[in-house]
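J.: Got a structure here, written out as structure tokens. Questions coming.
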Amino acid sequence: MPGCKFPKCNHAAEGTWALVDLCGEHREAISNETNLYYRKKINQHQRYLYHQISWLISWSREASE
């Protein structure tokens, strides 16, 4: 099993989020953060966890910047 792609995480990946391998803890945390974003509880600049892996997401706007 590949490793979690979140910076400084040494855990094994348990699944993917946006096609990025993540451990269970980071996958759940980013999922929760994303839910807050789409419910308009936080804005794009407050998506700290997402921004840590956005460069790995092929369709992310930040990946092309």
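The values are calculated or read from the model by the stated rules, or taken from the named source; none is laboratory data. As the structure is a computational prediction, the values presented were derived from the model and not from experiment. Quick reminder, even Gly has a Cβ in these numbers, built from the backbone with ideal geometry, and neighbours come from all protein chains shown. Side chains are part of the model used for accessible areas, which takes the heavy atoms of the whole protein and leaves out ligands, DNA and RNA. Shrake-Rupley method; radii C 1.70, N 1.55, O 1.52, S 1.80 Å.
J.: Has segment 44-62 got any residue that is out of contact with any strand residue (DSSP E or B) (no Cβ under 6 Å at 6 or more places or on another chain), in a loop (DSSP other than H, G, I, E, B), open to solvent by 40 Å² or more (accessible area, probe 1.4 Å) and modelled with pLDDT of 95 or more?
T.: So far as segment 44-62 goes, no, none of its residues is out of contact with any strand residue (DSSP E or B) (no Cβ under 6 Å at 6 or more places or on another chain), in a loop (DSSP other than H, G, I, E, B), open to solvent by 40 Å² or more (accessible area, probe 1.4 Å) and modelled with pLDDT of 95 or more.
J.: Here is a follow-up. Name every residue in segment 1-38 that is assigned to a loop (DSSP other than H, G, I, E, B), loosely packed, with under 12 Cβ neighbours inside 10 Å and free of Cβ contacts under 8 Å to residues at least 24 places away in the same chain, in order of residue number.
T.: Across segment 1-38, the qualifying residues are 1, 2, 8, 10.
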